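The values are calculated or read from the model by the stated rules, or taken from the named source; none is laboratory data. What you see is a predicted model; the values in this text were computed from it and never measured. Here Cβ is always computed from backbone atoms with ideal geometry, including for glycine, and neighbour counts include all displayed protein chains.
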Amino acid sequence: MAKKIQHVKLSMLEIIRRVVFITLGAAIVSVALEIFLVPNEVIDGGITGISIMLSHLTDLPLGIFLFILNLPFLIIGYKQIGKTFALSTLYGVIVMSIGTQLLHHVDPLTESTFLAPVIGGVLLGIGIGIVIRFGGSLDGTEIMAILFSKNLPFSVGEFVMFINLFILGSAGFVYGWDSAMYSLIAYYIAFKMIDVTVEGFDESKSVWIISEEAVEIGEAIMSRLGRGVTYLHGEGGFTGGSKKVIFCVITRLEEAKLKSIVHELDPVAFLAVGNIHDVKGGRFKKRDIH
């Protein structure tokens with residue numbers, strides 16, 4: 001019988017850390033919405049975008065719709081996303097809803113049709129990215145996508161994209177097509193800023209190398225790049241021959257030098273490079289190059 005794995009509770013320090021940063025992220029999103037986007041009739045995607053349009057059509061506070069529309073998906077998706085994530089998301093949504101209510105009567109910092117979507121999109125992406133990085137979310141769209149994708153022939157990503165395109169397109173009927181296009185710009189900027197905030201600027205890359213000169217290449221990477229390598233043993237699918245595979249993790253600034261090393265020692269070596277969102281543990285720390 002398989003041993004049941006016990007859920008590890010978060011320490012008090014980790015809980016406080018999450019609360020502080022989720023509060024910060026949700027507050028930044030509130031500023032982006034009420035100080036930059038909403039006053040200039042620019043919306044975001046997802047449930048946030050729906051909430052902005054409903055607030056505009058009904059003259060009710062944005063915070064009410066942000067909370068009410070997100071709550072059902074948190075309740076329905078509780079078993080799909082886990083208790084910690086659900087509570088973190090609920091807390092983030094509450095802070096965001098209160099924040100937008102407190103800032104509702106504050107004058108916008110700019111009325112520029114260029115600056116509002118750009119600055120608003122940057123702040124929106126940073127705020128959402130901080131919340132995601134510390135274990136929460138501020139929009140139930142992805143939860144909805146997870147639930148519905150099980151019964152539809154679409155992936156979660158495709159479902160989210162379809163919903164957001166529909167919402168951003170709807171802005172054209174509510175605010176006008178200029179606002180819809182500015183909303184698309186803000187959404188794109190926010191999307192990119194989320195990636196930067198979650199992944200960080202120092203993006204790491206995984207490298208796989210298959211070569212007859214594997215040992216020589218591995219030693220060169222260790223001595224000339226200061227990175228550790230791992231040798232794996234594989235088998236060629238066509239030839240059935242034994243292959244030695246090198247695996248290592250580098251930063252994007254080291255990619256060009258690594259490719260140069262591999263090409264210098266074995267011009268016909270197989271080389272694959274991929275992006276890594278996070279690296280922890282092991283011996284990733286760079287050693288001095290001699």
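Any residue at all in region 72-83 that is among the hydroxyl-bearing types (Ser, Thr, Tyr), surrounded by fewer than 19 Cβ atoms within 10 Å (Cβ to Cβ) and at pLDDT below 80? Among the residues of region 72-83, at least one is among the hydroxyl-bearing types (Ser, Thr, Tyr), surrounded by fewer than 19 Cβ atoms within 10 Å (Cβ to Cβ) and at pLDDT below 80, which makes the answer yes.
May I ask you to verify whether GLN101 is over 21 Å from ILE194 (Cα atoms) and modelled with pLDDT of 90 or more? Working first, answer last.
Details: over 21 Å from ILE194 (Cα atoms): yes; modelled with pLDDT of 90 or more: yes.
When the stated conditions are applied, GLN101 passes them.
If a residue has to be part of a helix (DSSP H, G or I) and in contact with a Leu (Cβ under 8 Å, 6 or more places away or on another chain) to count, how many in region 245-268 make the cut? Full working, then the answer.
Here is the first cut: in region 245-268, the residues part of a helix (DSSP H, G or I) are 252-265.
From the residues that got through so far, the ones that are in contact with a Leu (Cβ under 8 Å, 6 or more places away or on another chain) too are 254, 257-259, 261-262.
Of the residues in that region, 6 qualify.
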